[in-house]
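Beneath this line is the structure, given in structure tokens, with notes to follow.
Every number in this text was worked out from the coordinates using simple rules, so none of it is lab data. This structure is a prediction, so every number in the text was calculated from the model and none was measured. Don't worry about glycine lacking a Cβ; one is built from the backbone with ideal geometry, like all the others, and counts go over all protein chains shown.
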Amino acid sequence: MTTRRAAHKAVWMAILPALAVLVLGLFITERAYRYVDQTATAVRDAHFEQETSRITTALVSRLQAYEQILRGGVGLFDASDAVSRDEWRRYVDSINVSENFPGVQAIAFARHLQADQLDAYQRRVRGEGYGDFSVFPAGPRGEYTSIEYIEPFTGRNQRAFGYDMFSEATRRAAMIRARDSGRAALTGPVQLLQENGDDPQAGTLLYLPVYASRLPPHDVTGRRHDLLGYVYAPFRMGDFIRPVLSGSADGVHLQLADADGGALFDDRPAGEMPALTASRRIELYGRHWQLQFAAMPGFAGGGASMAPATAIAGVLCSLLLAMVTFLLGNGRQRAQLLARRMTATLRENEAYQRAIVDSGAEGILTIDERGFVQTFNRAAEQMFGYSAPEVIGRNVTMLMPARYRGDHARHVMQFNPDRDSRIVGLRREVTGQHADGKEFPMSLSINLIDAEGRRRFVGVVSDISERRAAEQALRDSEERFRLMISSVSDYAIVGLDPAGHVSTWNEGAQRIKGYAGDEIVGRHFACFYTPDDLAAGKPQRALQIAAEKGHFTDESWRLRKGGTRFWASVVITALRDSTGKLIGFVKVVRDLSERRHAEEAIAEANRFRQSILDGAAFGIVATDVDGRISAANPAAERLWWHRRSEMVGHLRLTDLIDESDLELRANTLAKEFGIVPPVGFEVLKLRAGRGLADENEWSGRRKDGSSVPLEIAITARRDADGRIIGYLAMAYDITERRRREEYVRHIAHHDALTQLPNRTLFSDRASVAIARARRDHSQVGVMMIDLDNFKRINDSLGHHVGDQMLITVAARLKDCVRECDSIARMGGDEFAILLPDVRDTASIVRIAQSVIAAIDQPVVVGAHELRVTASVGISAYPNAGDDPATLLKNADTAMYKAKVGGRDGYRIFTQDMLLEAEQRIVVETELRRALARGEFEMHYEPQVALQSGEVFGVEALIRWRHPERGLVSPAEFLPVAEETGLIVPIGYWTLHTACREAVTLQARLGQRLTVAVNLSPKQFAHPELMQNVQSALAHSGLPAELLVLEITEGALMANSEETMATLHALRGMGIEIAVDDFGTGYSSLSYITRFPIDLLKIDRSFVHDIINDPADAAVARAIIAMAHGLGIKVIAEGVETQDQLVFLRDRACDAAQGYHIGRGAAIDAFALQGYHFCKPTPADELPSKIISLSQARERNAS
């Protein structure tokens, strides 16, 4: 028991240290595992992201590069009126599509046809040597797009010759996009006609439209009309993408799909879960591609992460250290274990070697000394078509054609290792036979195995059918290349030996350089150089560079046979054999003389254009598509105060324009196009980018921050394909124009004399005020102000005095209103005031009262102290109107009422005034009709000499006998006639009628009577006055001395010089001149002394109160005394009482008229009244005589 316990204890003493070592080792292993795993994961993720970005960029760049090939084809059509099939072939051959552009199957041109063009098109192509050509698929369609040129014109591509791509929906959608936009367009996934079943791949096509107009028209309709066809390229997506993926890290795979459906490429391993995935989406030529990337577990390290290996290694080391103690005491068991392991390893090695043999790419078989097959691997099974059981144990001759079997059996039987050792290990090319009897070339090597006296042969065979085919293809290609080089006529292809002597010469070289082959072969190629180039050693340097770098390129002058020069493009390529030894050169020369001349012409045009730009008076700035300035002329420097170097590459066009203007323009464009462009360069280019003219005014921002008004016109700059490559801005400094426009606007909206707003500006401000009042529920007041009797000041003292008066009135009006109010001069002596934001009519009235008081103050102009009053009309929104025109009209109506009411006051518009105004319009209309219909008639009021009692004359008074209203008072219609100008024709009718009836009246009464006729101011100022007076006298027969023309003081004051001339002319005819209503007009008596006046008529307003009002009596006495002092007779109007008559007679008044003497009556009634005294009546009897006559008149009337 004690021994057992000790042994047990010893075991535990060995186990405990081992367990401690194991636990410590496992802990350290766990920490190392976490660190290594996290580090590896971060590195892997970053590497994967880098790879996906690189692949995506490479795909986009490659497709853009392929687009440039197509643009070269479009350029070929743009440069030529017609591109032939041979020209197209030469272009495609020159770019070497198959080597330089993987995935591109062809570069082709498809012609667009209308249905009525199809038959003629097919006949034309057949006439070019393609007798069975026809557009397919057949069938009637509105339009066709036939593939006409496709290169390389190989077997695959020939299948697409004549195909109508427009008949297939996917291709048609891309073609329509390209046609309508003028840009490149990509199709969705399609099956290419070039596919033949070998390695099938998804395909896509890239189209570029070709237009007959060479440049894409600006609108869709024009593009559709001018479409000539399409230059396009079909791509096999696998061939297109694999070269891109070949440079990526191991384990990165890609799945590419069109976003609208359809796979384009997928190389992800089936059934294997990826360690990492990523997705990207790109837009290319109208299509969206979805890229799905996957990284397999072997990505970024060629296998698993180092973390598991670290963990395993740590665990193994821990276990190894823990078990060392136990293994030391158990040697026998360890030996047995080692033996078992060695046996298993040996078996594994055998199986591994057997697997290697079976998995090899070459066929391996063993035969014995008799020629019987002992082993036959899987590659041999696939190569010969037999399974191993079918071959093992049979003679190897079954694997070769029957014609070789006899010789082979004999060689095997007679094989001597010493004699025939030369065939052992030697690889030979022999012929094998497939199980189906088909022969094929193969490579064979035989090895001898001699073990334990037994001799066996090991044969290793490879099928070299593909290599033989490739070698034949290469030989055929070299022959075709030799024939092609010799027949090329556009390029000189010259072979040179290492020293530079001509060894080969093609047809193109003969055409370009002029030498026949037998003339030039053997000569040194330096004969093509100019003397200057020879002296500079250029031929030798060209060969040296080509030998060192592999090629040499140059463009310079070369010589033809006759010594003439041509501009040549030269490429010299060094040729070396397989060892790298230089064996010669190939020199390719192209004649670019025409291009050189064109470039020189373009350069000259550019210099001319630059001189125009540099000398232009307006600033010109060119930008790229993002608005960054790429060029600027000197005028732009002067305009914005920036140097050209400060603008180009550093500033954007938006840096030169005020940002607030950009915001306003963005709002304007939003209304025009229905989109809100971002505030920036998009605002400037939006219209230009759509092919629309964009010319607008801007506030330019100069270098020092100051502003300058500019007009900038912006247009898009396009390349040969019609794509926008930038923008051009032409800027004009419109400072002076703005000043002129501002002056014109000011003149257009302001009165030149007073600088007040005019009617137009007043109406605009009134509209704004009314709109605001409508929102705020407030009132807007409008005043119309007319200066009373201002015309007399203007006419008597001159316009300069009147103008100064108007300026003073305008200044006084400004002092009467608020800052927010507006004053306007409406014309002549009329002003208007706009009072926005008023709460009641009383506020308007207070301002009107202050206006009347301010205008009533004396005005000193030079030596004159003048005084005018104002008549003010008031209207207010909303009661008197809701628009400016109505408010002005109604204020004018109220102003007219103020004038009629005595002037020097105001009136507030009422609807009754409107009715009166409408009534005046009715009166005006009826007046015109009355004159035409003869509704007027004359009444005559007698005039009596107060000292004799004799009726010496009559005053002619017009009356209107209205057909419905009866007799209308002159007070109702004469003011309307005066306002409308009808007073002139009515006055002439009055003059003619009065003269004619005066003659009749004199004949009936048997007494000479003067007839007094009133002339209105307008009639007196009319240029035809004299002619009409003469006509009236002539037609009536009235003597001129019996005609008295009554005019007002205002008419005398209108124009002193013309008035004087008219009065003298009338007096020269014998006509008497009377001043009517004397004393009521302008208070200046100087005209009485200057003008030839015969009579003064005291106004009835003085006569009415002459008995009771001392002032009126004094005025009457003063007028009589003054007139008599000047030798002028006086007639008193409106005598209605006997007291008035006696008073006037006692003051020596010459004559009187009025109701007390006799009312006006028509000519027939006047004859019956008995107003005629055949004998003079003494003055003291005159009153009683008049009384008795009045009584008699009343009896007659009864």
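In table form, for the structure just shown:
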item	result
ARG738-ARG846 FRET efficiency (beta carbon distance; Förster radius 35 Å; 0.05 resolution)	0.25
Under 13 Å, Cβ to Cβ, from ARG759 - net charge with Lys/Arg +1 and Asp/Glu -1	-1
Rounded to whole Å, sorted largest first: equivalent-ellipsoid semi-axes of segment 53-295, Cα gyration tensor	33, 19, 17
Net charge over other residues, Cβ less than 15 angstrom from the Cβ of ASP239 (K, R count +1; D, E count -1)	-2
Local net charge near LEU534, Cβ-Cβ under 15 Å (Lys/Arg +1, Asp/Glu -1)	+2
Label zone at ALA526, where the point sits 7 Å out along the Cα-to-Cβ direction: segment 489-510 residues whose backbone N lies under 18 Å	496-503
Sorted by Cβ neighbour density within 10 Å, fewest at the top, the residues TRP640, TRP289, TRP567	TRP567, TRP289, TRP640
Net lengthening on full extension, ALA499/ASP658 (0.36 nm per residue, minus Cα-Cα)	50.3 nm
Convex hull of Cα atoms in segment 984-1041, direction-averaged projection (nm²)	3.7
Full-stretch length increase - ARG124, ALA1034 - with 0.36 nm per residue and alpha-carbon distance subtracted	317.6 nm
Order of TYR130, TYR743 under a 10 Å beta carbon neighbour criterion, fewest first	TYR743, TYR130
FRET efficiency, 1/(1 + (r/R0)^6) with R0 22 Å, evaluated for GLU283 and SER61 via beta carbons	0.90
Rg ratio (alpha-carbon, reference 2.2 N^0.38 Å) - segment 616-739	1.01
Overall form of segment 488-597 per C-alpha gyration tensor (a/c, 1.5; a/b vs b/c)	prolate
Net length gained if the chain between SER134 and ARG159 were fully extended (0.36 nm per residue, minus Cα distance)	7.8 nm
Amide H within-cut-off set for HIS551, under 5 Å, with H built and near neighbours excluded	ALA574
Cβ-based exposure ranking for MET273, MET237, MET296, MET783, in which fewest neighbours within 10 Å come first	MET273, MET296, MET237, MET783
Packing rank of 523-534, 975-986, 856-867, where each peptide gets the mean count of other beta carbons within 10 Å, highest leading	975-986, 523-534, 856-867
Cα gyration tensor shape of segment 750-909, rounded if a/c is under 1.5, else prolate or oblate by comparing a/b with b/c	prolate
Two-site label geometry, HIS408 and GLU429: point separation in nm, points 7 Å out along Cα→Cβ	1.9
Reach of LYS897 by Cα under 26 Å, taken over lysines that are not fewer than 8 positions away in the same chain	LYS791, LYS814, LYS889, LYS1018
For segment 85-214, alpha-carbon Rg over 2.2 N^0.38 Å	1.05
Scaled radius of gyration (Cα, divided by 2.2 N^0.38 Å) that segment 793-844 gives	1.39
Histogram of C-alpha separations across segment 819-922, 10 Å bin width, %	14, 46, 30, 9, 2
